[in-house]
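Okay, structure first, notes after.
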Amino acid sequence: MNRIDLKFQQLRKAGKKAFIAYITAGYPSLEATEALVLALEESGADIIELGIPFSDPMADGPTIQEASFKALENGTTVRKILDMVRAIRRVSNIPLALMTYYNPVFHVGDAHFVEAAAAAGIDGLIIPDLPPDEAKELRAACLAHDVANIFFLSPTTTAARIAPIAKASTGFIYFVSVAGVTGSRKSIPAEIARDIRAAKKVTDKPVCIGFGVSTPEEVKAMANISDGVIVGSAIIKEITKHSGQKDMPARVAAFVQKLSSAL
Amino acid sequence: MRKKRLSVKKNKFPDKTGHYGDLGGRFVPETLMAILIDLEQELKNALKDPAFKKEFRYYLKDFANRPTSLYYAERLSRELKTLKVYLKREDLLHTGAHKINNTLGQIILARRMKKTRIIAETGAGQHGVATATVCALFGLKCVVYMGAEDVKRQALNVVRMRLLGAEVVPVQSGTKTLKDAMNEAIRDWVTNVKDTYYLIGTVAGPHPYPMMVREFQKIIGQEARQQFLKKEKKLPDYVLACVGGGSNAMGIFYPFFYDASVSLIGVEAAGHGLDTGAHSAAICKGAAGVLHGCKSALLQNADGQVQNAHSIAAGLDYPGVGPEHYYYKKIGRADYVAITDKEAIGGLKLLSRTEGIIPALESSHALAYLPKLARQVKGKKTVIVCLSGRGDKDMGTIQEVLDHESH
């Protein structure tokens, strides 16, 4: 069974919600990313999203943009990221999803990319600029290799799209808390509870909320109305804050501990 | 190049899902899907609505100054010997380039959709100026994203936009040029999608933009075809246009699509040379890829990262190209060639000297291909060149080149 599905099964049985941490692979270095994944697992992350840095991250706010550019400057490539994943897999079974823009996938071919990712130990794919409407080939490849294909719902998603997206999404459904890019904002709109309920009516798949979640209070509030919470930019900021310090992974882990324990 | 049979049925592209073969489409965050579906429907309704057509035609005529003339370039033709050259004078339009055709069409649509805030991206500033112009015309709030590098290179157009009431936002991320301006415009759009209309300036982006911009620019080719038939009692042998994103080229190519005897040639920017890595020739040198919402030709490295484009013409300085152009290339309907910075300067000088018309550096790429074509053809051939814009905006760049040459 796919590690993401297994994780949600376990969480459900225990009556718990998922804490999903996003970090940009290669920021500040791939060695640091490897250490971070293991440290985050220790600090209560249930699933980790590894961002593949991209030259044109149009769905990301300034924090992840900056991390992506730095990671690319450091020479981070898909191949090196998958090598790192293989190294992680020797010591950890934490569910790992790749978050990437579509072009690095399309460039090598959907089937080839998914095969390589699955072989390295990746459990899911999240591609913000690939709606299910354009994902026929990728979905087939993910199905063939038992890789979760995680699609998005957004506050602007029309009623007619909710069911087909929920059906196409495997692993979990990524619910964008607010129309916008990644990164913290002043508040998360109150309508989200209603939107999540609408999604829950058509699917029993886990629905997790991401974009703009940055404090323990928000984590708690969002977890109350969903199956899990995704935090990205807030963790990247913490990495930046402690960048260059020897105990950076431990310090970031301590920060994540505060967030995940709010669940 | 003309022998390949076309299997495309009339008006069947893009298909219902916005694809040109396997190109085009909608590669955007879910948050934008609803507005794109909505926009597609609004566009369909508008294109069928006599009131929309009447309003669009009115502004094209009385505000932008259409129709533009199809001018026989006699002295240029004499110099080229084997070619009889006509120029489609989009340079004579208000704001100095073909861009105004599209911005007028889209602003009328945006008003029908009750959008109150307009955003746009711009490279050279021509599309930004054309957008700021129509926003001033209708009293709408306008925000233009422009790479910080381009803000420096095209300072005069920044002044024009600000005079017209637009807010110009210098984009500091990435390469600080057009592609980054487009990233930032998309980020704004995804955040303010309720009240904001994104006015894209070329035949790229997610469906329905490539189709919509083509529909608003095809007036160029419709006029040129009629004017040529009237003057020459036949169709031209060649139609030439420069291709960055490709809006002027698509505008003039599309109405000739089914005229199989007419060769369509798109001229990309070879920058310092196609083998230097410093160019913008997405079709000639790129591979299929996905950027800014559509699948098309793209300059990218082995890891699928988008590569920086280069051209002396800021309006061609983009690593992608409209999907319909790549489609034309794939089905063999159009050919794509590339002209270097240096050759483009030659094209600019050639037209200035022979006809008393100073073309934009973008259009100069198409003109620079004329002497090459003239050497290839057998007998005497006729050609229409889309003179997409005038050169006033480029005088700073030209001055630098001339100074450099005289040293």
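The numbers here are math on the coordinates, done by the rules we state, and not lab data. In this text, all values refer to a predicted model and were calculated from it rather than measured experimentally. Neighbour counts run over all protein chains shown; Cβ positions are idealised from the backbone, glycine included.
Computed quantities for the displayed model
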| quantity | calculated |
| --- | --- |
| For the stretch A:1-118: Kirkwood Rh in Å [reciprocal of mean 1/r, alpha carbons] | 14.9 |
| FRET efficiency, 1/(1 + (r/R0)^6) with R0 25 Å, evaluated for B:K230 and B:R375 via beta carbons | 0.25 |
| Among A:237-244, B:118-125, the order from most to least packed when residues are scored by Cβ within 10 Å on average | B:118-125, A:237-244 |
| The stretch B:266-344: proportion of alpha-carbon pairs further apart than 14 angstrom, % | 56 |
| Average beta carbon contacts from partner chains per residue of A:152-159, 10 Å cutoff | 5 |
| Test item: A:47-59 mean partner chain Cβ contacts at 10 Å | 5 |
| Rounded to whole Å, sorted largest first: equivalent-ellipsoid semi-axes of the stretch A:166-239, Cα gyration tensor | 21, 13, 11 |
| In the stretch A:165-226, the GluC sites (Glu not before Pro) that fall in loop regions by DSSP, at most 14 other Cβ within 10 Å | A:E191 |
| Whole-number Å³ per residue for the convex hull built on Cα positions in the stretch B:212-309 | 111 |
| B:R353/B:Q172 FRET efficiency (R0 41 Å; Cβ-Cβ; nearest 0.05) | 0.50 |
| Sorted by Cβ density within 10 Å, fewest first, the residues B:R112, A:R139 | B:R112, A:R139 |
| Among B:219-227, A:201-209, B:99-107, B:365-373, the order from most to least packed when residues are scored by Cβ within 10 Å on average | B:99-107, B:365-373, B:219-227, A:201-209 |
| Neighbour-count ranking [beta-carbon atoms within 10 angstrom, fewest first] of B:Y71, B:Y59 | B:Y71, B:Y59 |
| Hull-based mean projected area of the stretch A:1-48, where the convex hull spans the alpha carbons, in square nanometres | 3.6 |
| Label point distance in nm, A:A254-B:D335, each placed 7 Å from Cα along Cα→Cβ | 6.9 |
| Sequence-distant residues sharing a close amide H with A:D56 (under 5 Å, placed H) | B:V306 |
| Using θ = phi - 60° and Karplus 6.51 cos²θ - 1.76 cosθ + 1.60, couplings along the stretch B:377-388 (whole Hz; Gly, Pro as x) | 6, 9, x, 9, 10, 10, 8, 10, 10, 7, 8, 6 |
| Karplus-derived HN-Hα couplings along the stretch B:153-158 (A = 6.51, B = -1.76, C = 1.60, θ = phi - 60°), whole Hz, x at Gly and Pro | 5, 10, 4, 5, 5, 5 |
| Compactness of the stretch A:144-199 - radius of gyration and Dmax, Cα, Å | 12.5, 42 |
| Percent breakdown of C-alpha pair distances by 10 Å bin, ordered from the shortest bin, for the protein assembly as shown | 3, 16, 26, 24, 16, 10, 4, 1, 0 |
| Per residue, the convex hull volume that the Cα atoms of the stretch B:135-288 enclose (Å³) | 169 |
| √(5λ) per eigenvalue of the Cα gyration tensor, chain A, largest first, Å | 25, 22, 18 |
| Per-pair calculated FRET efficiency, R0 = 45 Å: B:K54 and B:E400 via Cβ, rounded to 0.05 | 0.50 |
| Projected-area mean, the stretch A:96-162, by convex hull of Cα positions, square nanometres | 4.5 |
| Dimensions (Å) - the stretch B:42-134, Cα atoms, principal axes, largest first | 53, 31, 22 |
| nm² value of the averaged projected area, convex hull over the Cα atoms of chain B | 18.8 |
| Residue-by-residue Karplus 3J(HN,Hα) for the stretch B:402-407, coefficients 6.51, -1.76, 1.60, Hz, glycine and proline x | 5, 4, 4, 5, 7, 8 |
| Evaluated over the stretch A:55-109, the Cα radius of gyration and Dmax, each in Å | 12.8, 34 |
| Summed side-chain charge close to B:I186 - residues other than B:I186 whose Cβ falls under 10 Å, Lys, Arg +1, Asp, Glu -1 | -4 |
| Reduced Cα scattering model of the stretch B:127-185, Debye log10 I(q)/I(0), q = 0.30 Å⁻¹ | -1.17 |
| Cα-based radius of gyration of the stretch B:332-388 once divided by 2.2 N^0.38 Å, which approximates compact folds | 1.13 |
| Ranked list, fewest to most other Cβ atoms within 10 Å of each Cβ, for A:E42, A:E49 | A:E42, A:E49 |
| log₁₀ of I(q)/I(0) at q = 0.08, 0.15, 0.20 Å⁻¹ - the stretch B:1-156, Debye sum with one point per alpha carbon | -0.35, -1.10, -1.30 |
| A:K200 versus A:L38: modelled label distance in nm, points set 7 Å from Cα along the beta carbon direction | 3.9 |
| Square roots of 5 times each gyration tensor eigenvalue, C-alpha, the stretch B:73-196, largest first, Å | 31, 19, 13 |
| Within 10 Å of each Cβ in A:64-73, the average number of Cβ atoms from other chains | 1 |
| Separation in nanometres of the label points that stand 7 Å from Cα toward Cβ, at B:R112 and A:Q9 | 5.3 |
| Gap separating the Cα centres of the stretch B:117-164 and the stretch A:207-244, nearest whole Å | 37 |
| Percent of alpha-carbon pairs separated by more than 18 Å within the stretch A:26-78 | 35 |
| Long-range amide H partners of B:H19 with built H, under 5 Å | B:G25 |
| Extent along principal axes [Cα atoms of the stretch B:271-407; Å; largest to smallest] | 44, 40, 24 |
| Sequence-distant residues sharing a close amide H with A:M99 (under 5 Å, placed H) | A:L50, A:G51, A:I52, A:I126 |
| Antiparallel DSSP beta bridges within the protein assembly as shown, percent to nearest 5 | 20 |
